[in-house]
Structures are given as structure tokens and as C-alpha cells.
Amino acid sequence: MAAIVVDKVVKRYGGVTALSGVSLAIAEGEVFALLGPNGAGKTSLVEILEGHRDRDAGTVAVLGMDPATGGRALRERIGIVLQEGGLEGELTVIETVRYTATLFPKARPIEELIALVGLQEKMRARVRTLSGGQRRRLELALGLVGDPDLIFLDEPTTGFDPSARRQAWELVRALRTFGKTILLTTHYMDEAQALADRIAVIAHGRIVAEGTPATLGDRHRRGARVRFRVMTDVSLQDMPPPFAGKIGAWIEAEVKDTTAALHALTGWAVARRVELDGLTVVPPTLEDVYLDLIAEQAA
Amino acid sequence: MKQPSLARLLLGQIGLENRIFRRSPTAAFFSLIFPLLMLLVFATLFGNDRIGPLGVTAAQFYAPALAVYGAVSTSYWNLSIHMVNSRELGVLKRMRGTPLPTWMFLGGRLASSAWIALLAVLIMMVVGVWLYDVTIYVHTLPAAALTFVVGVACFAALGCLVAALSPNSNATPPIASATLLPLGFISEVFIPPSASAPAWLGTVADFFPLKHFARAFSGAFSPTLHGSGFAWSDAGGTYAILPHLAVMAAWGIGGGLLAVRLFRWEPRPETVG
Ligand SMILES: Nc1ncnc2c1ncn2[C@@H]1O[C@H](COP(=O)(O)OP(=O)(O)O)[C@@H](O)[C@H]1O
Ligand SMILES: [Mg+2]
């Protein structure tokens, strides 16, 4: 069964159209990343699914319920980590987590959860004394404390230092092994690539590409980038295409059929006893694909 | 796997709000300490003589009047400020995404506020009796209790309305103070009724609910009024709370309905950035 089904959802704020007909489906147990730049519409979509915002058109089902009317039954099964905020400064970390746990029919063990997000040393500290990253980790704990089936993470690691980010990634991976469905938003390509089973790229309120980290934007069909130097003094005019006629210290080209292009290139070099210095063959990164997609959409 | 009962959720929310209150020195000061300081100042100033046309001692007038002030500070001033702070911090929004029903979240917060208001009243009256020989009349206590309930409900509704109207955290304390303090001076809270005051001032005060709260509550501690208080007419020195309760109920219901319509769970988008 699908955990989330979104069909032709439209969201407008006055004259601004934040979502123009978004459709997607997320399977149970899937980690799904909504990847897009600031203002793309990620928070608008996620908050419609959480029941925080109304939609102007389209239908939505979250665990089979409409979030606008799902009420307590739905909220007992979802965990929400908002893009920002939501903490009472005068409570301690453990008080905040323990209190939130009492709202759910089942809860994760509290101290274990606090350790899981790396706040065991801050357990009895007032929330107002925490750093930004520590608060974020507490918010993460609050989203998980009710042991939800479906977890929404709106930019969960924005503002984290690299080690805190790795720790949060480990946490998401651990949740995946428990069979939880996770919808996370991010504007970090590496985060989507590291965590998600599937990624949708969103720009200007539209899904512009959808796929696994490996296939996103037909990445598997795009060629690789080949780069090398020739230190020997030979004519480069008769190199095979697409390298022929390239000039500069480094010769660099994107090839369509990697195997055939390399065969032709190395054949040319061996025949002339030329060394292809520093030869690298790099498949397109998700970042290349992502930036291309965003650029196409803007054009 | 069992769903927590509504009673447990409500008690949990009240307990949490009480804990937050205990850790908020400003709120605790204005609800519990400041009215007591005023009582000490006024009783010292007037030497606990008989004051004004009421013919009662300073403390007999000020203890109930300042008890009302403490209750209103809690249910109107603190509540509106706390509500807007929670909204700006995103607490309201986050709580709305948990299984806690929203009416239960608000109900817990209002009940905690009423509980603290009750403490403010009890502390004031106990100190009044203990230090200044304030007299309590048993036969008017039911009327005083009902007045307290209606008054706190009215001002809590208006506190929620201020929260709904206030644009942000910085604006709320000035709005709450500017609407409460001037009324305090003309509503028989800080200053006893005086024969020399211009009539229009009394008419203005009659329009707002604070004077009705003060009159109805203080009447229970008046040695000159008679009756239990459950009367519509104060003719012939009868203690009558019902007309005052009617005015407070009108303000409370009107303000409450408007607050429900205008209530926001999130800060305005501009302030999010
Ligand atoms: N509450 C709001 N009121 C008005 N405009 C909004 C509101 N929330 C978002 N927007 C606008 O909608 C668009 C999408 O925003 P958002 O969903 O927050 O995107 P993202 O989370 O991807 O950054 C932006 O142009 C933003 O300015
Ligand atoms: Mg966002």
C-alpha cells in the first residue's frame, strides 16, 4: 500500500503559486527525498501532507486518510519535524521528550532516544541553553518519540556541522531498517543521494524529475566526462571525436557511449605511443543532474 | 498501545503549563507578588483606616480589589503574552501536529491560567486576613466564587483575543498593559470609589468588564452590603452580582467568539523570513 499519494495538488498564496499540480506516490517503508532550492515549494507540500496547510486543488492521502480531516487517529501515526522551531525554552530536554511521549499511544524509550540523537549530556539542560544544532536534534527526537509509521523531516540537517549531519544520516538509516516510511526535504544533493530510495526534484512548484539516486534525470543514459593531458609533442588534430580539435592544457569532453569513446581514444594513444596523463572518467554526479534540471526549469 | 485518556492528557497539559509558569519569573511576579506589594503599600499609606464612601478599612477594600487584579494579570496579561510567545516560537504549530487535540491543548493552558489566578486570589485573601484583619463573610463566598469563575473566563477569552490580534511577541506586553492599567485606575481596583470623580469616568468604566469584576468580587467582602449576592438589583444596599456577571459574560462570549475566528497557530509569514 502507498503511504502517501499526492494527486495534482495546487497551492497558492495570494498571487504566488507555490505548487502547480504536483503528483507523487510514496510506498510504505520507502525513504523519499524532495530535493529542491529554497522557495521551490517543499515546505508547502510537506505541510499540506502534515495537515498544517490547506490545498487549493487536488487530492491527498496520508496513510489512507485526508490530512485535513484525519485528526488524532492520523497524528498518532505520524511524526513531524518542522522546518524550524517549536520548543519551549524553560523546559529541560528530558521533560520535553517525556511530555511529548505521553501524547502518543506508544512511545520509544526516552533516554535511549535522547542518546540516539546525541543529547545525553544535555538531558537535564533547559532548552533555551542549547545551541541551534542541539535544538534541531531535540526536534528530531520529538518527531520520533511516538514511534510513528511515517516521518516527515523538513530540512532536518540544515545548520548542522558535518559530524552532526553524519549522525543524523545514521539515524535516518536506522529508522529505515525498522521499516518506517520517511519523507524528507533537502536542498543538499549529497543528502538525498546518501539517504533516499527515491528522489523527486522540485523547482518552481513542479516536480521536474523523479527517480532513484542512480537513474534520476536519466543519469544512467548520460555520458561520462573524460579528462586527460597529453605531455608528448604530437598533433592533436587527428584525435577521435569528440576530442579532436580541443585545445588547452587539459583536454576534456563529455562522451555519449563511454566504452566506445575510450576504446577509440586509447587506440589512438597507443598507436602514437602517447601517454594520456592523469586520465579520469567521471560519471555525471547527482549535483550535475540537479543543477541541469533546475537550470532547464528556470530557462 | 493504549490511547491516552482525555483526562490524562488534560492533566498532563495543566501540569506542564504550571511548570513553565513556575520557571517564568516575570509572570510569577506580576501574578502573585506585585498585587501583594500593592496591598502592603496601600495599607501602609492609609494606615488601614476607614477610607472612602464605602466606610471600610483600606485592607478590606484593597485585598479583594487587588485579588481581582492578580486574577486578571494572570488570565489576561500573562495568558496573552505566553500565547503569542508560544506562537512565535512555533510551539503552537508543533503541538497542533501531535495527537493532543487542539481544544485540549488550549483547555489545559486556560485551566492552568485559572489555577494560578485562584492561587493569586487565595494568597491575597490569606495575607489580608492574617496581616490586616480582613473579614471574610461565609454567606457571600458562593457569589465570590462564581464571580471569580465568570471573571477569569471573561478575561481569559479577552487574553486569547489580544493574542490573536497581536502581530508579534514585542507588541503583546504593551497592548496588554495599555488596555489593563488605565482601566485599573478607574475601575475601583487601585483607587476606591470617590464621590468627587466626574460621572463620565464612571460611565466609561461601566462599559468595560474590569469594574464589574471588581465590584462583584469586592461586594462579597463589604460589611455594609447585605444578601448572598445572587440578586439583579442592588437597591437598598443589596449585594447583587448578577448584572456584573451579565456584562462580563457578554464581553467573554463576544471576545471569545472573535478570538476563535482570528486565532492563528503560526506566526505571520513575514516574521519567519
Ligand atoms: N505562508 C506563506 N505566505 C505567502 N507565501 C508563502 C508562504 N509560504 C511559502 N510561500 C511562498 O511559496 C513559495 C514556496 O515556499 P516554500 O513551500 O516554503 O518552499 P521551500 O520549502 O521549498 O523553500 C515561495 O515563493 C514562498 O515565498
Ligand atoms: Mg522549506
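Please verify whether B:Ala205 is away from chain A (no Cβ under 14 Å) and in a helix (DSSP H, G or I), treating the condition exactly as stated.
For B:Ala205, the condition - away from chain A (no Cβ under 14 Å) and in a helix (DSSP H, G or I) - is met.
Scanning the range A:18-31 for residues that are within 16 Å of ligand 2 (Cβ to nearest atom) and away from every other protein chain (no Cβ under 14 Å), which turns out farthest from A:Ala192 (Cα to Cα)?
So in the range A:18-31, the residues within 16 Å of ligand 2 (Cβ to nearest atom) come out as A:18-19, A:22.
So of that shortlist, the ones also away from every other protein chain (no Cβ under 14 Å) come out as A:19, A:22.
Details: A:Leu19: 21, A:Val22: 19 Å.
Going through the qualifying residues, I end up with A:Leu19.
Can you tell me which condition A:Gly14 does not meet? The list is (1) in contact (Cβ under 8 Å) with a residue 60 or more places away in the chain; (2) within 13 Å of chain B (Cβ to nearest Cβ), and all the others hold.
Failing condition for A:Gly14: (1).
Name the residues in the range B:210-238 that are crowded, with 24+ Cβ neighbours inside 10 Å and hydroxyl-bearing (Ser, Thr, Tyr), would you?
Residue satisfying the conditions is B:Ser218 alone.
Which numbered condition trips up B:Ser31, out of (1) under 22 Å from the mean Cα position of the chain (by Cα); (2) within 11 Å of another protein chain (Cβ to nearest Cβ)?
(2)
Criterion first (part of a helix (DSSP H, G or I) and either in contact (Cβ under 8 Å) with a residue 60 or more places away in the chain or over 26 Å from B:His82 (Cβ atoms) (or both)) does A:Leu34 satisfy it? Spell out how you get there, then give the answer.
Working: part of a helix (DSSP H, G or I): no; either in contact (Cβ under 8 Å) with a residue 60 or more places away in the chain or over 26 Å from B:His82 (Cβ atoms) (or both): yes.
It is false that A:Leu34 is part of a helix (DSSP H, G or I) and either in contact (Cβ under 8 Å) with a residue 60 or more places away in the chain or over 26 Å from B:His82 (Cβ atoms) (or both).
Please return the ranges of strands (runs of 3 or more DSSP E) entirely within the range A:147-213 where 2 or more residues are under 20 Å from A:Gln297 (Cα atoms).
A:181-186, A:198-203, A:206-211
Which of the residues that make up the range A:37-93 are in a strand (DSSP E or B) and within 11 Å of another protein chain (Cβ to nearest Cβ)?
Result: A:Ile78, A:Gly79, A:Ile80, A:Val81, A:Thr92.
Evaluate the following for A:Phe104: is it at pLDDT 90 or above and within 16 Å of ligand 1 (Cβ to nearest atom)?
No; evaluated as a whole, the condition is false for this residue.
When the range A:22-40 is examined, which residues are found to be under 9 Å from A:Gly205 (Cβ atoms) and at pLDDT 95 or above?
Correct list: A:Val22 only.
With the structure loaded, tell me whether A:Gln134 is modelled with pLDDT of 90 or more and either within 16 Å of ligand 2 (Cβ to nearest atom) or surrounded by fewer than 24 Cβ atoms within 10 Å (Cβ to Cβ) (or both) or whether it fails that test.
Against the criterion (modelled with pLDDT of 90 or more and either within 16 Å of ligand 2 (Cβ to nearest atom) or surrounded by fewer than 24 Cβ atoms within 10 Å (Cβ to Cβ) (or both)), A:Gln134 qualifies.
Is there any pair with a first residue in the range A:165-192 that is more than 14 Å from chain B (Cβ to nearest Cβ) and away from ligand 1 (no atom under 16 Å from the Cβ) and a second that is part of a loop (DSSP other than H, G, I, E, B) and among the polar types (S, T, N, Q) whose Cβ atoms are under 7 Å apart and which are 6 or more apart or on different chains, and what are they?
Note: pairs meeting the criteria are A:Arg165/A:Thr157; A:Ala168/A:Thr157.
Residue by residue, here is whether (1) of a type in the set (Val, Ile, Thr); (2) under 20 Å from A:Gly143 (Cβ atoms); (3) more than 16 Å from ligand 2 (Cβ to nearest atom) holds:
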{"residue": "A:Gly39", "(1), (2), (3)": "no, no, no"}
{"residue": "A:Thr43", "(1), (2), (3)": "yes, yes, no"}
{"residue": "A:Leu91", "(1), (2), (3)": "no, yes, yes"}
{"residue": "A:Val97", "(1), (2), (3)": "yes, yes, yes"}
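So which pairs qualify, if the first residue must be in the range B:223-234 and over 22 Å from B:Val134 (Cα atoms), the second must be assigned to a loop (DSSP other than H, G, I, E, B) and at pLDDT below 95, the Cβ gap must be under 9 Å, and the two must be at least 6 apart or on different chains?
B:Asp234/B:Leu225
List the number of the failed condition for A:Lys106; all other conditions in (1) part of a helix (DSSP H, G or I); (2) within 12 Å of another protein chain (Cβ to nearest Cβ) hold.
The number of the failed condition is (1).
Considering only the range A:94-103, state which residues are open to solvent by less than 20 Å² (accessible area, probe 1.4 Å), more than 7 Å from chain B (Cβ to nearest Cβ) and not β-branched (Val, Ile, Thr).
Once the filter is applied, which keeps residues that are open to solvent by less than 20 Å² (accessible area, probe 1.4 Å), more than 7 Å from chain B (Cβ to nearest Cβ) and not β-branched (Val, Ile, Thr), the range A:94-103 yields only A:Ala101.
With (1) within 19 Å of A:Phe178 (Cα to Cα); (2) facing chain B (nearest Cβ under 9 Å); (3) open to solvent by less than 10 Å² (accessible area, probe 1.4 Å); (4) not β-branched (Val, Ile, Thr) as the list, and A:Leu113 as the residue in question, which single condition is left unmet?
In the conditions (1) within 19 Å of A:Phe178 (Cα to Cα); (2) facing chain B (nearest Cβ under 9 Å); (3) open to solvent by less than 10 Å² (accessible area, probe 1.4 Å); (4) not β-branched (Val, Ile, Thr), A:Leu113 misses (2) alone.
B:Gly202 versus (1) open to solvent by 30 Å² or more (accessible area, probe 1.4 Å); (2) under 23 Å from B:Ala249 (Cα atoms): which is the lone unmet condition?
The one condition B:Gly202 does not meet is (1).
Give the number of residues within the range A:4-40 that are open to solvent by 10 Å² or more (accessible area, probe 1.4 Å) and within 10 Å of ligand 1 (Cβ to nearest atom).
Total meeting the criteria: 11.
Within the range B:88-112, track down each residue that is more than 10 Å from chain A (Cβ to nearest Cβ) and open to solvent by less than 10 Å² (accessible area, probe 1.4 Å).
B:Gly108, B:Arg109, B:Ser112
Among the residues of the range A:73-84, what is the count of those that are without any contact (Cβ under 8 Å) to a residue 40 or more places away in the chain and open to solvent by 20 Å² or more (accessible area, probe 1.4 Å)?
Initial filter on the range A:73-84 (without any contact (Cβ under 8 Å) to a residue 40 or more places away in the chain): A:73-75, A:84.
Restricting the remaining residues to those that are open to solvent by 20 Å² or more (accessible area, probe 1.4 Å) gives A:73, A:75, A:84.
Going through the range A:73-84 one residue at a time, the tally reaches 3.
Only one of these conditions is not met by A:Gly143: (1) under 17 Å from B:Gly97 (Cβ atoms); (2) touching an Asp or Glu at 6+ places or on another chain (Cβ under 7 Å); (3) within 16 Å of ligand 2 (Cβ to nearest atom). Which number is it?
Answer for A:Gly143: the failing condition is (2).
Looking at A:Glu121 and the list (1) within 12 Å of chain B (Cβ to nearest Cβ); (2) at pLDDT 95 or above, which single condition is not satisfied?
Only one criterion is unmet by A:Glu121, namely (1).
For the condition touching a residue at least 60 places away in the same chain (Cβ under 8 Å) and either surrounded by 14 or more Cβ atoms within 10 Å (Cβ to Cβ) or more than 14 Å from ligand 2 (Cβ to nearest atom) (or both), what is the one hit in A:Met1, A:Met65? Steps first, please.
Numbers: A:Met65 fails: touching a residue at least 60 places away in the same chain (Cβ under 8 Å).
Unique residue meeting the criteria: A:Met1.
The values are calculated or read from the model by the stated rules, or taken from the named source; none is laboratory data. What you are looking at is a predicted structure, and each value in this text was computed from that prediction instead of being measured. Reconstructed Cβ throughout: ideal geometry from the backbone, glycine too, with neighbour counts over all protein chains shown. The accessibility values were calculated without ligands, DNA or RNA, using every heavy atom of the protein model including side chains. Shrake-Rupley method; radii C 1.70, N 1.55, O 1.52, S 1.80 Å.
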